[in-house]
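Below: one structure, written as C-alpha cells.
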Amino acid sequence: MGLIDLIIVVVYLLAVVAVGCWSSLRKSSEESSAGAASEYFLAGGTLRWPIIGMALFATNISTVHVVGLAEAGFKSGLLMGNFELLAGFTLILLANFFAPLYIRSQVVTLPDFLEKRYSRPSRDVLAIVSVVSAVFVHIGFSLYTGAVVMNGIVGVDISLVWSVIAIALLTGLYTILGGLTAVVVTESLQTIVLLAGAIVISAVAWVKAGGWEGIHAHVPATHLSLIRAADDPDGLPWYSLALGYPVIGIWYWCTDQTIVQRVLGAKDENHARVGALFAGFIKILPLFIFVVPGIACYSLVQQGIIPAEKLSHTEQTYAVLVQELLPVGVRGLMGAALLAAVMSTVSGALNSIGTLVSYDMLKRWRPETSDRALVSVGRWSSFIALLMAIAWSLTLSPSGIFQSINAMITYVAPPITCVFLFGVFWRRASAPAAFATLTLGSLVGVMLFMLEKFKVAWWVDLLKAQHIDFLLIGVLLFVLCTAIMVTVSLARPHVHTTDSERLVWRTPWEPLEFRGWPGIMNYKWLTALLAAVLAAVYTLLA
C-alpha cells in the first residue's frame, strides 16, 4: 500500500473517532438529556428507520463477513451466501413479531424483556450468556479478522497483537465515551463507506474475470448454486440450512442484545418495524459484493490473471483482490472500508455489554443506582470486555473464518431461540421452564463446544459417521431445549402477571393488526416485497 493509500486510511480513522466523540459531546451538552443513562444506552429512543437499518447492517457486517464470505466464495461458491439471504426472513420475523413487543414493553435490554415475560432468574442467565457471546463471538472474531486483513492489504508484516490492540483501542475510544448515539452515528457513516468500497471491488473483479461468461467457464457448476444436495463435498446440504438456519438466525437477529439494541432505541413502533425490514433489503447485497468477488477470484486464478501462490492462505482472498486489482487511492478506500466493518461490530457489541452489565446486573441488585453511576459502570465494563476480547482473538486460527463463527453460534443459540419463541407465541410457557431451558441448554452447548474446540476424537468421529454438520447440531440442541421447555411448562404452569400477559401474542396474526404508516412505507407492503425479492433470488440461483 502506497503513501496515498495510507493517508486515506489514517484520515478515515481520525474522522470516525472525531465524529463519534463529537456526537457524544453534542448529546451530553443538551440540557434535556445531560447525563441520562437512556441517552447513553438507547440514544434516548430517537432512532429513525434509516439509521436503524444501516446500524443493524453495519453491526452485523464485520470483517468476519467481508473476509469470511470472500474466502467462502473462493472455496465453495455461493453456498455461504445462504446465511446472508436467509437473514432477510429472520428480519421479517423481527419486524413483525418481536420488535412490536420489545417497543411496547419499553425494555432497555432483552434480559429485561425475559424478566417481564418469565422471571428474574431467566433474566440473569440471559444477561450472562449475552455478555459472553458479545465478547467471544462479536468482538473476538472481528478483531482477529480485521488484523489479518489489514496486515494483508497494508503489505507490512505487523505483529498480530499490535494490529488487534490498535483496532480495539481506536474503536473503544469513541464507543466507551459516546454510548449508543456515537455508535449509530458512526455506523451509518461506515455503512456507506463499506458498501461503496465493496461495490468497487466487486465491479472490478467481475470485469477482470470476464463477466458471467468468464466466471461460468472457469468455476465448477456447483459453485454457482445456492442449494446443495446431501452428497455435496462442501458438507452443507439444503436440509441443514432449512432446519438449522432458523435456530441461529432467530437468536442472532431477533434476540441478541448486540443486534436488537438498535431496534430498542427506535423512535416508535413504525420506525422499529421498517428499520428492521430496511436492513433485510440491504442484507441481500453481501451475496453479490462479498461472496461473488471470492468466486471471481477463483476464476482469475484459474485464468492465470492472479498467481495461484498468492492464495496459499485463502483467508487473504479479499486482500489479494484489493492488492492485485485496484489502483492507488482506491486501495486506501478499501482499507477504510474494512476498518469500517470491524469498528462497527466492535463498537456495537461494546455498547451492548455496557448496557447489559449496568441494567441487568448492577441495577438488578442495586435499583437505587444513579444514572451517572450506571454510565460509569457501563464504560468500565466495556473496557474490561475489550481486554478479554483481545486476549481471545489472539487464540483464533484462520481456517474457515465465516463457518467457524457460525459453528460457535450453533452452541449458543438454541436455548435462547427456544425460550423467546415459546415466550412470544405460547401463553403456557412458564418461568421455571424458561430458567431450566436456558441453564441446561447452555451447559450442554458449552460441553459440546469444548468437544469441538479440542477436537475430541470420539466426538469428531461420531459427527463424521452420522454426517452431522454444525447446523444440524443446532437443530438437535433446539429439539432438546424444546422438550425441556414443553415438559417443565406442563408440569409447572406459568402464573401470568399484568406485564407478562401483554408480552404474548394471542394469535399469530395479532401483530399484523397494527396499521402502520400509509402507502409504500407500510410494514406489510415492505414485508411482502422483501419476501418476494428473496424468493426471486433463490429461484434464479437455485
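The values are calculated or read from the model by the stated rules, or taken from the named source; none is laboratory data. It should be emphasised that the depicted structure is a prediction, and the values quoted were computed from it without experimental measurement. Quick reminder, even Gly has a Cβ in these numbers, built from the backbone with ideal geometry, and neighbours come from all protein chains shown. Only protein heavy atoms, including side chains, enter the accessible area calculation; ligands, DNA and RNA are left aside. Shrake-Rupley method; radii C 1.70, N 1.55, O 1.52, S 1.80 Å.
Grab every C-alpha pair in the stretch 195-320, bin the distances at 5 angstrom width from 0 up to the longest one, and report whole percents.
All Cα pairs considered, the percentages come to 2, 9, 14, 15, 16, 15, 13, 9, 5, 2, 0.
Can you check what the Kirkwood hydrodynamic radius comes to for the stretch 221-282, Cα pairs only, in Å to one decimal?
Details: mean 1/r = 0.0712 Å⁻¹.
So the Kirkwood estimate lands at 14.0 Å.
At what distance in nm do the modelled label points of residue 216 and residue 528 sit from each other, each positioned 7 Å from its Cα along Cα→Cβ?
3.4
Assign unit charges at the C-beta atoms only (+1 for Lys and Arg, -1 for Asp and Glu), then state the dipole size of the stretch 52-128 relative to its Cα centre in Debye, rounded to the nearest 20. Please report the intermediate quantities before stating the final value.
Details: 6 positive and 5 negative charges, 53 e Å.
With Lys and Arg at +1 and Asp and Glu at -1, about 260 debye.
In whole angstrom, and with the biggest value first, how far do the Cα coordinates of the stretch 42-122 range along each principal axis?
For the stretch 42-122, the Cα spread along each principal axis is 46, 29, 22 Å.
At what distance in nm do the modelled label points of residue 487 and residue 506 sit from each other, each positioned 7 Å from its Cα along Cα→Cβ?
Distance between label points: 3.4 nm.
Expected output is a single nm value to one decimal: the length gained when fully extending between residue 231 and residue 243, i.e. 0.36 nm times separation in residues minus the C-alpha distance. What is it?
2.6 nm
Which lysines, on any chain, are close to residue 267 with Cα under 18 Å apart, when same-chain ones fewer than 8 places away are left out?
27
Add -39500 (n - 2.57) for each DSSP H run of 4 or more in the chain, then divide by its residues: what number comes out at 222 nm, to the nearest 500 deg cm²/dmol?
On the way: 24 runs with 379 residues, N = 542.
The per-residue figure over the chain is -23000 deg cm²/dmol.
So if R0 is 35 Å, what FRET efficiency would residue 324 and residue 15 give, r being the distance between their Cβ atoms, rounded to the nearest 0.05? Don't skip to the end; give the middle numbers.
Working: r = 28 Å, r/R0 = 0.79.
So the FRET efficiency works out to roughly 0.80.
Based on the mean of other beta carbon atoms within 10 Å per residue, what is the order of 166-172, 269-275, most packed first? Don't jump to the answer; show the numbers that get you there.
Working: 166-172: 21.4, 269-275: 24.3.
Put in order of decreasing packing, that is 269-275, 166-172.
Run down the aspartates and glutamates and flag those whose C-alpha is under 13 Å from the C-alpha of residue 208, throwing out any fewer than 8 positions away in its chain.
Result set, ordered by chain and number: 324.
Multiply the residue gap between residue 498 and residue 394 by 0.36 nm, knock off their C-alpha separation, and tell me the result in nm, one decimal place.
Full extension of this stretch gives 32.7 nm more.
Suppose the chain between residue 449 and residue 514 were pulled fully straight at 0.36 nm per residue; how much longer would it get relative to their current alpha carbon spacing? Present the calculation step by step, with values, prior to reporting the outcome.
Working: separation 65, 0.36 × 65 = 23.40 nm, distance 4.14 nm.
Full extension from residue 449 to residue 514 adds 19.3 nm.
Order 128-138, 376-386 from most to least packed using the mean count of other Cβ atoms within 10 Å. Walk me through the intermediate numbers first.
Values: 128-138: 22.4, 376-386: 19.3.
Put in order of decreasing packing, that is 128-138, 376-386.
If you consider only alpha-carbon coordinates, what radius of gyration and Dmax does the stretch 204-256 have, in Å?
15.9, 43
Cut-off under 14 Å on the C-alpha distance; same-chain residues fewer than 8 positions from residue 524 excluded. Which aspartates and glutamates are left, in chain and number order?
Within reach: 269, 510, 513.
Per residue, how much accessible area does the stretch 409-542 have with a 1.4 Å probe, in Å²?
Solvent-accessible surface per residue comes out at 53 Å².
Farthest toward the dipole's positive end in the stretch 231-322, which of 320, 288, 243, given Cβ charges of +1 (Lys, Arg) and -1 (Asp, Glu) about the Cα centre?
It is 288, whose Cα lies furthest towards the positive end.
Which value, in debye to the nearest 20, describes the size of the charge dipole of the chain about its Cα centre when Lys and Arg Cβ atoms bear +1, Asp and Glu Cβ atoms bear -1, and nothing else is charged? It would help to have the intermediate numbers written out before the result.
On the way: 32 positive and 31 negative charges, 218 e Å.
Dipole size: approximately 1040 debye.
Arranged from highest to lowest average of other beta-carbon atoms within 10 Å per residue, in what order do the peptides 459-468, 88-97, 287-296, 209-218 appear?
Peptide ranking by packing, descending: 287-296, 88-97, 209-218, 459-468.
Give me the Kirkwood hydrodynamic radius of the stretch 375-533 in Å, from all C-alpha pairs, to one decimal place? Don't jump to the answer; show the numbers that get you there.
Values: mean 1/r = 0.0519 Å⁻¹.
For the stretch 375-533, the Kirkwood estimate is 19.3 Å.
Enter the mean projected area of the convex hull around the alpha-carbon atoms of the chain, in nm², rounded to one decimal.
Working: hull surface 96.7 nm².
Mean shadow area of the hull around the Cα atoms is 24.2 nm².
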